[in-house]
Every structure is written in structure tokens, then in C-alpha cells.
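Step one of this worksheet: look at the structure below.
The values are calculated or read from the model by the stated rules, or taken from the named source; none is laboratory data. What you see is a predicted model, and the numbers here were worked out from it, not measured in a lab. Note that each Cβ is placed from the backbone with ideal geometry, even for glycine, and that neighbours are counted across all protein chains shown. Heads up: the accessible areas ignore ligands, DNA and RNA and are worked out on the full protein's heavy atoms, side chains in. Shrake-Rupley method; radii C 1.70, N 1.55, O 1.52, S 1.80 Å.
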Amino acid sequence: MLMIKRLMTKYIPAMLTCEEIDDFLYDFHEGQLSYTEHLTFKLHLRLCKECKDYVRKYKNTIRMSQAGFTKADPAEKVPEELIEVILKSRTKK
Amino acid sequence: MKESPSTISEQDKENQLIDKLIGNDDLAYEILVRQYSARMYAVARRFFTSDDDAQEALQKAFIQVFKKISTFNKDSSLMTWLHRITVNEALMIIRQKKRQNTLPLESFTQHYNEHGERTVFSDNSEQSLMEGLGHNIEALFEKNETKFSLNELIYQLPEKYCNVLLLRDIQEISTKETANIIGISEASVKTQLHRARLLLKSILEQKDKDRLEDNWKVN
Ligand SMILES: [Zn+2]
């Protein structure tokens, strides 16, 4: 696998190195890569198990951190007691 | 640019409300709280797992709103302003949690690891910070007897990482607005967010490894 990777990097000028994958990862996740960058990024992941795994874990980390917090429901009402407390706090000196 | 009549009247209504608020009109305050608190509450809720924390954030946000309403710039949107204040109050509560915690990750990584080796990291050497964390994280979870919770872990990240991660990944606030709220450049938001994710990833991987090793011990 490493052999193929080295050959690819050498003979396909657009082929990204593993280090470059790291540089492009943020923008890849944001959907900010150009069409060609996106394609070369995906090509590298197809050929490189390590980077594929790395990118997967990066995405999982984000997903997990999101899951660690309460899903906010905009329709949820603020408890009436809290509204009263807030309104009172303005006039209270 | 042509504006539709409805948006103009909304804007006018908002301006009238603000004028009344500045004029200390009780009814206007009641309208403000009733009309905007639900959206602010939703923002606060997403920062925490407990209702108490979210309610505290909302209450503190309104205290700031009451204090600062006379400085509100009518060129900006009222909701954007209220949103920023809510975010700032929530971050303040999280900052206090950081201090209360017996195991601040930051100080943990700056002095010694569990082998007693000195591990000094400057602010710019995130790479070594991450490497150092690998050694320290085991001890962190060993000492922390409470159930592992991801939000607590994120609160314990160094503040600059914690804040961008909460604002970008959890609140899903744009890079531009995050930069405005924290007071750093958009480029810094991007690099810090990327580093925050990588740091969290390495912590979670370490945690995963520890758990697997524990399973080996049991079996
Ligand atoms: Zn690779």
C-alpha cells in the first residue's frame, strides 16, 4: 500500500501527500474545497487507509461532541416562574 | 435594494420597542422578555446539559440586557445583540465551571505528567500539547470518578479551544459571528477550531484505548 502511495504521489502531480490531507481536512469538512481539490482529496482517501481512518475519526469527534449536548428545541417555553424572576430582577434594586 | 413593506414595519416595531425600553417602560420590558426569551433560552440550553445552568445563563443575560439597552445600536438587529449577550453569559458560566473543577486540563498539561516529567507547553506548540495530553489523559480519567461526560470534557479544554468548539460545532454559529463574539480573526477561529477538534479526537482515542485495555484486563 505504501508503495502504491509513493508511486502515486510521484507520478500523479495532483496526488496529495498524507501531510497535505491534514492541511485540507478542515476545508474539506466545511465543504470549502474546490472541485479539483475535493476530487484529489477523495482520491487520496481511496488509496490511503490511514488517512481514511483519520478523516472518519475527525468527523466522529465532531458528531460525538454535538451529541454530548442538549438538543435545543426553539419551541420550548421558558418556565413562567423564570420569566417572573427575570422581570422582577429589573425593578429590584 | 428594495425592501418589502413587511420588513420595514418589523424594523419600525423593533425601533419603537427599543425607544420604550430606553424610556423605562414596564410594558415594553414585559414584551421584550416574553417575545425574545424563548429564542435566547434555546441558545442557552444548547450550551449545557442541565436546565439550571441554561436558566442561570438566561437570567444573567437579561440582567446585562437591562443594564446595556441604552447602548444598543439600532443599526444592528435586536436578536443578534440578544444572541451575543446570551452566548457571552453562557461562556462566563462555563469559565466558572473550569475554575471549580479540581482537574483543570490546562494546568495539568503545563507542569508535570504522571511520571513526574516536566511538560511545559507554550501556547504555540499545540503538537506537543497533544502529545503531552496523551500521557496525562489517563490520569485525568482515573482521578475523575464521576461518569465520563463529553460536555464536561469540552469545558475542560483550554479556553480558546473550548470557546470556538462550543460556538462553531455545538451552537453552529458562523465563523464570522464567532470571530466577532470572541474577538479574534476568522482565520484564528478556523485554526483554533481545527486544533480543538484534533485535541478532542486524541483525548477520545486515548479514552477508547484505555477502555479496550480495561476489557482485556477483565477478560
Ligand atoms: Zn494518507
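Counting only residues that are open to solvent by 20 Å² or more (accessible area, probe 1.4 Å) and more than 18 Å from B:A90 (Cβ to Cβ), the range A:46-79 holds 16 of them. With respect to being within 14 Å of another protein chain (Cβ to nearest Cβ), open to solvent by 30 Å² or more (accessible area, probe 1.4 Å) and more than 19 Å from A:Y58 (Cβ to Cβ), B:E213 falls outside the description. Specify which of the listed residues (B:K98, B:K74) is at pLDDT below 95, exposed (fewer than 14 other Cβ atoms within 10 Å of the Cβ) and away from chain A (no Cβ under 14 Å). After applying the criteria, what remains is B:K74.
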